[in-house]
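Accompanying notes for the structure given below.
The values are calculated or read from the model by the stated rules, or taken from the named source; none is laboratory data. Here the structure is a predicted model, which is why all the values come from computation and not from measurement. So basically every Cβ, Gly included, is an ideal-geometry build from the backbone, and we count neighbours across all protein chains shown. Please note that ligands, DNA and RNA were not included when accessible areas were found on the heavy atoms of the full protein model with its side chains. Shrake-Rupley method; radii C 1.70, N 1.55, O 1.52, S 1.80 Å.
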Amino acid sequence: MFEVVEETTSIILHLLDIITVNETIKLVSYNDSNEVIEFVSHSYNRERHFYIGVLKSVLKIRRTYVLSMNYIGYMNENMVGFYRSSYVQNNKTIYLGATQMEATHARRVFPCFDEPALKATFNIHIARQEGYRVISNMPSRNSLPIENQDGWFWEVFNSTLPMSTYLIAFVVSDFEFNASVETSGSVPFNIWARQEAISQTEYAAYLGPKILKFYEEYFGITFPLPKQDMAALPDFKSGAMENWGLITYRETALLYDSQHSKALDKQRIGSTIAHELAHMWFGDLVSPKWWSELWLNEGFATYMEHIGLHSVEPSFKMLEQIVISELHTSFSTDVLDSSHPINVEVNDPEEIDQIFDAISYSKGASIIRMMNYSLTEITFRKGLYNYLNELSYSSATQDDLWYYLTLEAHKDGTLDLRVTVKEIMESWTLQKGFPVVTVWSDSRYSSVHITQEKFTLISAERKEIKSNQTWWIPLTFTTQSNPDFTQAHVKKWMSVGEKRTTLTGMLEYKIPLQIGQYLSQERELVPWLTALTNFEYLRIMFERTSTYGYLKDYITSVATPLYNSLGFKDSLEDPHDIQLLRSYLLSSLCRLGFEDCYYFANLRKTVYCVGVAEGGLKEWNFAWKKYLKSNLGSEKDNLLYVQRSFSEGGNIRKQDVYKICGDFTYTITNSFNTEEDLQLLYKLKAERYESLGSATLSFDQAVESVELNVFWMKHYYQDVYQWLSINGYEGVSSSGDVKNEVEK
Ligand SMILES: [Zn+2]
C-alpha cells in the first residue's frame, strides 16, 4: 500500500534475481470504489535493478493504492538476501535460512522501494515446516496450520514500526534460545544459537540487556520495539548486522566460551554487541537519508560501542582504548591520497559497499568524540536527544545533526554565536585527510605559536604540491601559574584558513626512538599499544634487510622489563587490560622470533607467526586464486604466513573466504617496500583492474601504501639504522632472544 505524492503513470520497484508473475500483478485504488488500474506493460531494467509497470491511467495525488503480485525469488548461498546456511551436529548436516539486507539486498528477497529514506511498515508472514522456528524484527502473533499442507505453518508477525528495507530480517532454524533474566523494566531479550552452542550465549545474555538499558538512559529515548533478539549464525558475511529487533552475528562475534576464549575475544564480543545495540537508535530509529550519510550510522555506533561497553565493563578501559582502536586506525587509511571524505557521494551498490571502511567507522567515531568533548557532555547529549527525538521513524543528513547540536551549543554558550557546528564539522566530513598541529614556544617573549598543516607521510618539503587544506581545531591549554590537567574544554578554535606561520620540519626519527626508550619504565596498556603498532611498521620495513637484528635488539630491550613482569602464560585471573597487553606484547615479540614462543605452543595464533604450525596450502590457494586468478608473489614469505594462519581446520567456511579476500590485498602487500614489489603491483593493476569490483578502492589504497613504503625506505631507513647502531644496539643477535627470568 502506498500514497501518491506526485502524479505518475508508472510504478518502479527495486528487484534483483526475482521473477514477477506478471498476470498476478494487480493495482487497486484504496477507497470505496476499489477501482482497478490496468497495466500497459511490465518490464525490467536489469542494470538498475528495476521493475517498471506502465499504467493505463494516471495515479492521483494524495490517493492511496494497493499493489499486489506473486513473484519467484531464490534462496542463495552467497550470504546476501535470503540465504541458506548449515551446520553439522551429531554427524548430521542441519540447514537454516537467514537474511542479510544491508545495503541493497532486500530487493533480492521482495520487490520494494529499496532505499533507506523510504520507510514503511511491514507485515511479514512466513511459511515454515514443523520443527523449525522463525524469528523476525517483531514478535510472532500467530502460528496457523496451512490448509492441505501437512506439517506446515504460517508464522504471522506483528506489523513493524516505520522502518527502512535494509533492516528487515528473519531467520528460519531449529535454534534454541537463552532468555535473558535481566529484563526488569525492559523488553524480553533472547539470544539464539544452535543447540550445541547455547551454553556460550551466557555472556551476551548478561551484557545485552544491561547495555540496552544504559542506552535508553543515555539517549533519553525508550527502546521502541516490544522485544530484542540476537542470533549467532554459522555463516555470516560481516561481523554483525543491526536489523531492528533481530540482530544477527557471525558466531565468533557473539558466542563466548570462558574456557577457550581470550580477553581480546571477550572484548570484541562486548564491543560488537554494544555497537549493534547503539544502531537501534542510530540507523534504525533515525536512518541515513542516503548512503553518503552512512557515517551517521557507523561513526555513532562505533563511538557508542566504547561508551556502552564501558558502562558495564569499566575494567576494559574502552574510553582509553578508543584512541588506538579508532583514532590511530583511521590515520593509516586517511593519510593516503586514495582515502575519501567521511561524507562521500555514492551512486551504485558497489560504491556503497566500498565505504563500509575505516573512514566511515573509525574516523567517524573519532570526530564524534571530538564534538562530544568540545561541545561538552551536557550540550552534546541534549543535541543528540533532540536530533533523535525529532527525526524518529524518519531519516537524516549530517546537516540535521549540525542543526540540533548548534541550537543547543548556542543556547548553552558552549559555542561562539558567530560560528556553527556545521562550519566546524564540515572541515572534517567534507575533506579527506587530517591536520598535524605544531606547537612551539618562543622563549624570548614567553609566547606559544600554533600552526596546522595537512599530515602527509611524504614530508611537505619533498612533495611537489603543498596542500592548502585547513581544519577547525579545538585547542585547550593550561599554564604554569594555574596548572589544571583535568578539564579539556575548548579555549580557542583554530579556524579554517588559519595556517602554519612558520616552516618547520616534521620530527626526525631519532626523537620517537629516543622517547621509545622510556618504555622500559612503562606498564600501561595505551602507550604500549601505540608503541607496538608503530614498532610493527618498523619491523615490517626492516624484516627483509641485513640490519633487522639492530631493530630486534632495540625493541626487545625496551620490551624486556614489561615481558618479565607479565610473563608468558595467560591467566584469566589477571585484570582485563593485563591479559590484553600480554597478548599484544607476545604477538610482537613472537613476530621478532622471540625464543619463548617456541616453548609455549598453546598460544596457537601467536605461534603461527613464527611458522611453527604446519599448514596445507590447498585451502589458501583456493582463496588466493579466486581473488587474483594469477600467482603473483607466490614465493613471498608473507603468503606462506597467511596460508598457515588460515589452514587450521581443513575446510574454510565461505564466510572466512570473504574475510580473507577483503583484507587480502592489504595483508599481502603490507611488507612490499622495494621498487620491484611496486612494479609487480603496477603490472597487476594494469592487467586486472577491471575485475576488482568493490575491492577497487582497497586495491588503490594498497598500491599507495606500497609507494609510501618505498619512499620510507629511501628516506628514513638509513636514519633509523644509524641511530640504532650509534646508540649501542647490536645487529648480531639472530633469534632476538631476551635474557629473562620468567619460568618456562
Ligand atoms: Zn555498524
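Table for the structure above
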{"read-out": "Criterion violated by ALA559 - all others in (1) closer than 25 Å to PRO314 by Cα; (2) small (Gly, Ala, Ser); (3) at pLDDT 85 or above satisfied", "value": "(1)"}
{"read-out": "Residues satisfying the stated conditions in region 23-40, i.e. more than 13 Å from PRO111 (Cα to Cα) and surrounded by 11 or more Cβ atoms within 10 Å (Cβ to Cβ)", "value": "LYS26, LEU27, VAL28, SER29, TYR30, GLU35, ILE37, PHE39, VAL40"}
{"read-out": "Residue list for region 696-727, filter: of a type outside the set (D, E, K, R) and open to solvent by 50 Å² or more (accessible area, probe 1.4 Å)", "value": "HIS715, GLN718, TYR721, GLN722, ILE726, ASN727"}
{"read-out": "Any pair with Cβ under 7 angstrom, 6 or more apart, that starts in region 255-278 at a residue that is over 17 Å from ALA193 (Cα atoms) and modelled with pLDDT of 95 or more and ends at one that is among the acidic types (Asp, Glu) and within 16 Å of the ligand (Cβ to nearest atom)", "value": "SER271/GLU305; ALA274/GLU305; HIS275/GLU305; GLU276/GLU242; ALA278/GLU305"}
{"read-out": "Some residue of region 521-528 being open to solvent by 20 Å² or more (accessible area, probe 1.4 Å) and of a type in the set (A, V, I, L, M)", "value": "yes"}
{"read-out": "Of all residues making up region 543-556, the number that are surrounded by fewer than 21 Cβ atoms within 10 Å (Cβ to Cβ) and within 30 Å of MET318 (Cα to Cα)", "value": "0"}
{"read-out": "Members of region 71-91 found to be assigned to a strand (DSSP E or B) and open to solvent by less than 90 Å² (accessible area, probe 1.4 Å), listed by number", "value": "TYR71, ILE72, GLY73, ASN76, GLY81, PHE82, TYR83, SER85, SER86, TYR87, GLN89"}
{"read-out": "Hits in region 248-276 - residues which are within 12 Å of the ligand (Cβ to nearest atom) and either in the same structural domain as THR429 (by TED's automatic domain parsing) or of a type in the set (D, E, K, R) (or both)", "value": "GLU276"}
{"read-out": "Test: VAL4 is touching a residue at least 40 places away in the same chain (Cβ under 8 Å), surrounded by 11 or more Cβ atoms within 10 Å (Cβ to Cβ), farther than 28 Å from ALA232 by Cα and of a type in the set (Val, Ile, Thr)", "value": "yes"}
{"read-out": "Hits in region 378-414 (condition: loosely packed, with under 15 Cβ neighbours inside 10 Å and touching a Pro at 6+ places or on another chain (Cβ under 9 Å))", "value": "SER392, TYR393, SER394"}
{"read-out": "Complete set of residues in region 664-685 that are at pLDDT 85 or above and either assigned by TED's automatic domain parsing to the domain that holds ALA358 or open to solvent by 70 Å² or more (accessible area, probe 1.4 Å) (or both)", "value": "GLU675, GLU676, GLN679, TYR682, LYS683"}
{"read-out": "Filtered residues of region 172-187 (kept if at pLDDT below 95 and open to solvent by 70 Å² or more (accessible area, probe 1.4 Å))", "value": "VAL181, GLU182, SER184, GLY185"}
{"read-out": "Filtered residues of region 301-331 (kept if hydrophobic (A, V, I, L, M, F, W, C) and in contact with a Leu (Cβ under 9 Å, 6 or more places away or on another chain))", "value": "ALA301, MET304, ILE307, LEU309, VAL312, PHE316, MET318, VAL323, ILE324"}
{"read-out": "Some residue of region 157-165 being away from the ligand (no atom under 16 Å from the Cβ) and either charged (D, E, K, R) or within 20 Å of TYR132 (Cα to Cα) (or both)", "value": "yes"}
{"read-out": "Complete set of residues in region 214-239 that are assigned to a loop (DSSP other than H, G, I, E, B) and more than 16 Å from the ligand (Cβ to nearest atom)", "value": "GLY220, ILE221, THR222, PHE223, PRO224, LEU225, PRO226, LYS227, PRO234, ASP235"}
{"read-out": "Matching option when the condition is surrounded by fewer than 16 Cβ atoms within 10 Å (Cβ to Cβ) and at pLDDT below 60, among ASN740, ASN651", "value": "ASN651"}
{"read-out": "Search result, residues across region 415-434 that are touching a helix residue (DSSP H, G or I) at 6+ places or on another chain (Cβ under 9 Å), open to solvent by less than 30 Å² (accessible area, probe 1.4 Å) and under 25 Å from SER338 (Cα atoms)", "value": "ILE424, MET425, TRP428, THR429, GLY433, PHE434"}
{"read-out": "ILE540 being at pLDDT 90 or above, in the same structural domain as GLU522 (by TED's automatic domain parsing), within 28 Å of the chain's Cα centre (by Cα) and open to solvent by 30 Å² or more (accessible area, probe 1.4 Å)", "value": "no"}
{"read-out": "Unique residue being on the phi > 0 side of the Ramachandran plot and within 11 Å of the ligand (Cβ to nearest atom) when the list is GLY245, GLY283, GLY299", "value": "GLY283"}
{"read-out": "Some residue of region 345-366 being of a type in the set (Gly, Ala, Ser) and more than 19 Å from the chain's Cα centre (by Cα)", "value": "no"}
{"read-out": "Filter result for TRP291 (outside the structural domain of SER199 (by TED's automatic domain parsing), within 11 Å of the ligand (Cβ to nearest atom), open to solvent by less than 10 Å² (accessible area, probe 1.4 Å) and among the aromatic types (Phe, Trp, Tyr))", "value": "no"}
